[in-house]
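Read the structure below first, then the notes.
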There are 2 protein chains.
Amino acid sequence: MSNAKVLPLLEPDIVPCCPPLNERPLTADEAVRTAAMFKALSDPVRLRLFSAVASHEGGEACVCDISDVGVSQPTVSHHLKKLKEAGLLTSERRGTWVYYRVEPSVLAGMSKVLGQYAA
Amino acid sequence: MSNAKVLPLLEPDIVPCCPPLNERPLTADEAVRTAAMFKALSDPVRLRLFSAVASHEGGEACVCDISDVGVSQPTVSHHLKKLKEAGLLTSERRGTWVYYRVEPSVLAGMSKVLGQYAA
DNA sequence: TCATGACATAGACACACTTCGATACAGGGA
DNA sequence: TCCCTGTATCGAAGTGTGTCTATGTCATGA
């Protein structure tokens, strides 16, 4: 266990979800887990919400900062919940407002799945 | 047009679809295009089919090589069509069999969208 | 020409998903 | 305490998606 840390800077806590797509055929279980990650970003509204959080100063944003995506407030809340369930965002209430923040580990996992195409 | 090729090895024909998610909030149009890419890989069966092609020797596979994913033959055909429409696969008939091959440009685009998380 | 095997298409069904209005809940200020 | 604002949840309506069976198309070979 001591000589395994050859590249200690890589993968701080990247979930060992699944291998790169071109390494070997995915098993059924791996495919289900991997598909869930992609599905979280497969909706335009979710993508805009996520992008708004990710590009906001400080890496976090209040819901009120990002709600201007052309759908109703309950719909925004619904999609933010989905992104949270997928592990892409975390949320924290501070007084009146709720702040969402990007959780980078799942995105890093998605990038690993894309494998060599991540050139 | 002659002095623009400063980095000729980068992005051979990567479609300039969309910026990285953390660069700025996506526009509605960008979000629709980006979501379509992720949606193509958001189904477990499609993911297994794609992975089977991507990991097959020579980077291509006959349908008969990858059909063992637990669904009927028409369903396999349906999903392969979706992957083709999304630009992730190309197909070519050679005699009796149809061969599918990975088209790396869209995957590279997805990787670019993931941005810095592609570490 | 006909049968066979590989793959695609058509139509139908069940289920999931996105969206909304209505409503509930939480925190801050008067 | 009461009201107002920000956010979440509920339930319903409409649409989309995955899956199947049945059938069509294409190439091969007898």
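With a 1.4 Å probe, what is the total accessible area buried between chains A and B, in Å² rounded to the nearest 100? Looking at A and B, the buried total is near 2800 Å².
In order along the stretch B:64-79, the phi-based Karplus estimate (6.51 cos²θ - 1.76 cosθ + 1.60, θ = phi - 60°) of 3J(HN,Hα) comes to 5, 6, 10, 7, 8, 10, x, 10, 6, 4, x, 5, 4, 4, 4, 6 Hz; Gly and Pro are listed as x. Amide H contacts for A:Tyr99 (H built 1.01 Å from N in the peptide plane; partners 5 or more residues away or on another chain; cut-off under 5 Å): A:Glu92, A:Arg93, A:Arg94.
Computed over neighbours whose Cβ is under 14 Å from that of B:Pro74, the net charge equals +2, Lys and Arg +1, Asp and Glu -1. Every Cα-Cα pair in the stretch A:11-119 was counted, and those over 23 Å apart are 32% of them.
Heavy-atom surface analysis with a 1.4 Å probe gives the stretch A:28-117 a carbon and sulfur content of 49 percent of its accessible area.
Accessible-area loss of 10 Å² or more (1.4 Å probe, protein heavy atoms, chain alone versus all protein chains) is found in the stretch B:47-74 for B:Leu47, B:Arg48, B:Phe50, B:Ser51, B:Ala52, B:Ala54, B:Ser55. Only Lys, Arg, Asp and Glu carry charge here, each on its Cβ (+1 for the first two, -1 for the last two); on that basis the stretch B:54-119 has a dipole of about 240 debye about its Cα centre.
The values are calculated or read from the model by the stated rules, or taken from the named source; none is laboratory data. Since the model is a prediction, treat every value here as computed from it, not as a measurement. Heads up, the Cβs are rebuilt from the backbone with ideal geometry, glycines too, and the neighbour counts pull from every protein chain shown. Surface areas here come from the heavy atoms of the whole protein model, side chains and all, with no ligands, DNA or RNA. Shrake-Rupley method; radii C 1.70, N 1.55, O 1.52, S 1.80 Å.
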